[in-house]
Amino acid sequence: MECINAKFVSQKVSKTRWRPVSTGSLHPPDVFATGSWDNEDNKVSLWSIGEHGVSHMEDEFEGDPQLFCEYKHNGDVLDLHFLDQERIVTASSTGAVTIFRHHPNSQTLSVAQVWDKAHHYPCDNAPCTGLVCNSPEIVTVGEDGRVILFRADHKVPLRTIDNADSSTIHAVTFLRTTEVLTVNSIGQLKLWDFRQQGGDPSQILSLTGERVPLHCVDRHPNQQHIVATGGQDGMLCMWDVRQGSVPLSLMEAHSAEMWEVHFHPTNTDHLFTCSEDGSLLHWESSTNSSMASFLQGGRNTSVISRSAVQQAGGNQSLMSAWLGGDSSKGHLETTHMLPSQTLSVNSLDVIGQCLVCGTDGEAIYINRQVPV
């Protein structure tokens, strides 16, 4: 807890993302972007925790994030990602998809490109609920059930799947260069291959029993067939898209909606989740743990987990721990990373040992000593 810096920003923070570091760079990330929601005026903001930040307040401490620049955003920021070092892409509740450009010399943001009403109903706008970037390509999803493929230097979409889903699509991630995974409000994962013509997914996976809405999805950085999702019931689900159509493990993570799940981009035995219940969890796949536990209020509370499918053989690798949900055997350890709070933790991002998250408590939290 002592490694955390809190910055109160007078706006509800819906999304936080680190600016990507250069390939091979030994320096930690020092710039991140935030988006806000449910405010009278929503904004996209750029912050620094490095030497570039300029403090304007006498009571600000060393390590506090400093505001670079900001730009008014039309509608709630429902998702946000860096396209590259200088461009940020946002998804809006108005249905628009916007590219903002950062100008380092003047420390300003400007609108570089906007696809207005990209997501829409016949007579109204539909919120753009999620996006993912693989420069120069951008894939967005929406409440209208559309999946849209954009290219940053094109004015019109490269591909639109108009009836990809009859329900709201909440999130999207790249599985491979030409394939994306989407999650929807009836507990389904759908795999889309842009090389295929037509509007049908190449694969559908689904939760069994009650169709609990899935809100977030992330792909394992090295094992592309391993996928993590989180949903309305707070469960963390692990899927193997090569095997069957149901999750291989289900773990009770949060007491309310899980808003985001992220594998650590390089140390892939670490995973992070955040929730409406005000918690931010750090999951570690470890064969040395005596038990899986919450570290909360100075006491240990068992993490209950169950495996939907028994793993064959005696393989106790890190991958089998993720897929098996073997916390009862001591392969998963879970740690609370924030002081106790009641307001939602909406978003998180992690690079190296640096983690940033945003909350409905109008605060940004920074941890630059994440034990990974």
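The values are calculated or read from the model by the stated rules, or taken from the named source; none is laboratory data. Quantities reported herein were computed from a predicted structural model and do not represent experimental measurements. Because the Cβ atoms are built from the backbone with ideal geometry, glycine has one as well, and the counts that use them run over all protein chains shown. These area figures cover heavy atoms from the full protein model, side chains too; ligands, DNA and RNA do not enter into them. Shrake-Rupley method; radii C 1.70, N 1.55, O 1.52, S 1.80 Å.
Taking segment 210-230, which residues are within 18 Å of GLU257 (Cα to Cα) and in a loop (DSSP other than H, G, I, E, B)? If the condition is that a residue be within 18 Å of GLU257 (Cα to Cα) and in a loop (DSSP other than H, G, I, E, B), then GLU210, ARG211, VAL212, PRO213 are the ones that fit. Across segment 23-48, the number of residues qualifying as in a loop (DSSP other than H, G, I, E, B), open to solvent by less than 70 Å² (accessible area, probe 1.4 Å) and touching a residue at least 60 places away in the same chain (Cβ under 8 Å) comes to 1.
Being at pLDDT below 95 and on the phi > 0 side of the Ramachandran plot is a condition met by no residue of segment 135-150.
The residue that is farthest from ASP64 (Cα to Cα), among those in segment 355-372 that are modelled with pLDDT of 95 or more and open to solvent by less than 10 Å² (accessible area, probe 1.4 Å), is THR359.
Regarding segment 300-316, can at least one residue be identified that is crowded, with 18+ Cβ neighbours inside 10 Å, at pLDDT 50 or above and either part of a strand (DSSP E or B) or out of contact with any strand residue (DSSP E or B) (no Cβ under 6 Å at 6 or more places or on another chain) (or both)? Looking through segment 300-316, none of the residues is crowded, with 18+ Cβ neighbours inside 10 Å, at pLDDT 50 or above and either part of a strand (DSSP E or B) or out of contact with any strand residue (DSSP E or B) (no Cβ under 6 Å at 6 or more places or on another chain) (or both).
Just to verify a result, which residue in segment 221-244, among those that are open to solvent by less than 10 Å² (accessible area, probe 1.4 Å) and hydrophobic (A, V, I, L, M, F, W, C), is farthest from ILE186 (Cα to Cα)? Quick ask: steps written out before the conclusion?
Residues of segment 221-244 that are open to solvent by less than 10 Å² (accessible area, probe 1.4 Å), as a first pass: 226-231, 234, 236-240.
This time we only want the ones that are hydrophobic (A, V, I, L, M, F, W, C), so: 226-228, 236-239.
Values: ILE226: 21, VAL227: 18, ALA228: 16, LEU236: 16, CYS237: 15, MET238: 17, TRP239: 16 Å.
Per the criteria, the residue is ILE226.
Among residues belonging to segment 156-172 that are of a type in the set (A, V, I, L, M) and without any contact (Cβ under 8 Å) to a residue 40 or more places away in the chain, point out the one that is surrounded by the most Cβ atoms within 10 Å (Cβ to Cβ).
Just the residues of segment 156-172 that are of a type in the set (A, V, I, L, M), to begin with: 156, 158, 161, 164, 169, 171-172.
Next, only the ones that are without any contact (Cβ under 8 Å) to a residue 40 or more places away in the chain stay: 156, 158, 161, 164.
Numbers: VAL156: 8, LEU158: 13, ILE161: 19, ALA164: 21.
If we take residues in segment 156-172 being of a type in the set (A, V, I, L, M) and without any contact (Cβ under 8 Å) to a residue 40 or more places away in the chain, then ALA164 is surrounded by the most Cβ atoms within 10 Å (Cβ to Cβ).
Can you spot a residue in segment 117-136 that is out of contact with any strand residue (DSSP E or B) (no Cβ under 7 Å at 6 or more places or on another chain), farther than 22 Å from THR34 by Cβ and surrounded by 14 or more Cβ atoms within 10 Å (Cβ to Cβ)? There is at least one residue in segment 117-136 that is out of contact with any strand residue (DSSP E or B) (no Cβ under 7 Å at 6 or more places or on another chain), farther than 22 Å from THR34 by Cβ and surrounded by 14 or more Cβ atoms within 10 Å (Cβ to Cβ).
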